[in-house]
Amino acid sequence: MLQEKIQQYTEEIARFTPQSSEDVEAFRLKFLVTKGVVRTLFDEFKSVSPDLKRELGKTLNEFKQAAENKYKTSQEQFASASQASKREAEDLTLPGEGFVFGSRHPLSLVRKEIVEIFKKLGFTVAEGPEIEDDWHNFTALNFPPEHPARDMQDTFFIKKQDGNDIALRTHTSSVQVRMMENGTPPFRAIMPGRVYRNEAISARAHCFFHQVEGLYVDEGVSFADLKQTLYHFVQELFGEDTNVRFRPSYFPFTEPSAEMDISCTICKGNGCAMCKGSGWVEILGCGMVDPNVLENCGIDSGKYSGFAFGMGIERITNLKYEIKDLRLFSENDVRFLGQFETELI
Ligand code: PHE
């Protein structure tokens with residue numbers, strides 16, 4: 001009989017005095033789950049006579065309440081007990097846990113080092129947009145219209161509806177144009193930043209990398225100034241026993257142009273895989289700013305001259321830290337990143 005069952009379970013609930021949270025859980029599983037006692041009794045209730053329904057409805061509801069209340073109070077009893085024992089276990093005299101600080105990205109570290117060296121020579125730091133127009137990335141820099149660097153192979157072009165396509169800058173030389181257009185000589189600045197080229201990604205090439213461009217424009221600036229500045233830079237960055245050599249080269253925006261090699265930092269000039277056995281590695285392009293570029297930027301090339309240089313930060317970082325795969329720089333693997341200097345920022 002339903003009535004007797006209710007009576008019997010009500011007594012059981014009243015007697016229930018849990019000794020542990022396991023007892024509380026057993027209580028829940030017996031009384032309160034879908035197939036538990038409370039539900040079963042409610043199911044039985046559905047099929048009793050209307051008279052009995054009137055009589056038992058209230059009792060059954062009270063029974064359900066009693067079961068739920070018992071569960072709630074028992075649960076609270078053990079929750080506060082476990083918190084109290086936790087509090088006792090805490091030893092406030094123990095030293096605190098240390099913080100794990102992040103480390104600078106190797107490219108940021110090297111960029112910072114490069115910037116510091118040039119700052120001591122009086123160079124300021126300038127930046128420009130990564131999305132450029134044709135004028136600042138190519139035309140003002142004396143690139144002829146048919147120059148291969150404008151080719152879709154190398155440059156990421158962005159089609160604009162008005163027909164004036166824009167591009168992701170392929171080098172930071174665009175910043176020297178912006179600087180000269182917007183100011184008056186003398187200029188003495190370096191321009192670090194990210195550049196983009198449409199290359200297949202491999203250990204040796206990526207679709208983006210970082211450069212530092214340098215520009216020095218004043219009256220009477222000569223190639224000797226360029227050589228001395230860059231020689232000083234290399235000695236500071238790679239150490240005093242590093243040799244340099246200049247090889248003639250070509251850039252549309254400098255005349256004359258050169259590429260600068262340094263004695264291989266890994267084998268000290270004896271020949272290894274990094275320098276392909278030659279003992280020398282190329283680190284930057286440079287030259288005297290072409291008078292056409294000065295004129296394009298509104299600067300009197302009869303009065304002023306200047307030098308410019310540009311280097312890849314990844315390349316310098318590879319040489320300093322012997323990193324052989326460019327992809328490591330952008331994969332954000334903490335096992336790689338954690339190997340570099342850690343400092344408070
Ligand atoms: N812009 C050149 C490059 O991307 C580097 C460079 C800068 C060369 C300035 C000469 C002068 O390769």
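Quick rundown of the values:
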{"read-out": "DSSP beta bridge pairing in the chain, given as percent antiparallel to the nearest 5", "value": "95"}
{"read-out": "Loop GluC sites (Glu not before Pro), the range 199-242, which have at most 13 other Cβ atoms in a 10 Å radius of their Cβ (DSSP)", "value": "GLU219, GLU240"}
{"read-out": "Helix-only mean residue ellipticity at 222 nm for the chain, each DSSP H run of n ≥ 4 adding -39500 (n - 2.57), per residue, nearest 500", "value": "-12500 deg cm²/dmol"}
{"read-out": "HIS147-PHE99 pseudo-label distance in nm [points 7 Å out on the Cα-to-Cβ vector]", "value": "4.7"}
{"read-out": "C-alpha center-to-center spacing [the range 303-345, the range 89-124] in angstrom", "value": "16"}
{"read-out": "Normalised contact order of the chain, rounded percent, pairs of Cα under 8 Å and 6 or more residues apart", "value": "16"}
{"read-out": "Label-point separation in nm, GLU90 to THR59, each point 7 Å along Cα→Cβ", "value": "5.0"}
{"read-out": "Difference of contour (0.36 nm per residue) and Cα-Cα distance, ALA203 to GLU295", "value": "29.1 nm"}
{"read-out": "FRET efficiency, 1/(1 + (r/R0)^6) with R0 45 Å, evaluated for PHE336 and GLN77 via beta carbons", "value": "0.30"}
{"read-out": "Contact order normalised by residue count of the range 100-247, Cα under 8 Å, 6+ apart, percent", "value": "23"}
{"read-out": "Distance from the range 41-75 to the range 147-193 (C-alpha centre basis), Å", "value": "80"}
{"read-out": "Degrees between helix 50-89 axis and first principal axis of the chain (Cα, 0 to 90, nearest 10)", "value": "50"}
{"read-out": "Length-normalised contact order for the range 1-129 - Cα pairs under 8 Å, 6+ apart - percent", "value": "26"}
{"read-out": "Longest DSSP-loop-exposure-free segment, chymotrypsin sites (Phe, Trp or Tyr not before Pro), the chain, at most 16 other Cβ within 10 Å", "value": "157-345"}
{"read-out": "R0 of 25 Å, Cβ-Cβ distance CYS272-GLU113: FRET efficiency to nearest 0.05", "value": "0.60"}
{"read-out": "Where Cα atoms sit under 20 Å apart: lysine pairs in the range 107-337 separated by 8 or more or lying on different chains", "value": "9"}
{"read-out": "Most mobile of GLY122, GLY271, GLY36 in a GNM of the chain (Cα contacts under 10 Å)", "value": "GLY36"}
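Read-outs: derived from the displayed coordinates by stated rules, not from any lab. Every value quoted in this text rests on a predicted model; they were computed, and no experiment measured them. Note: ideal-geometry Cβ built from the backbone for every residue, glycine included; neighbour counts use all protein chains shown.
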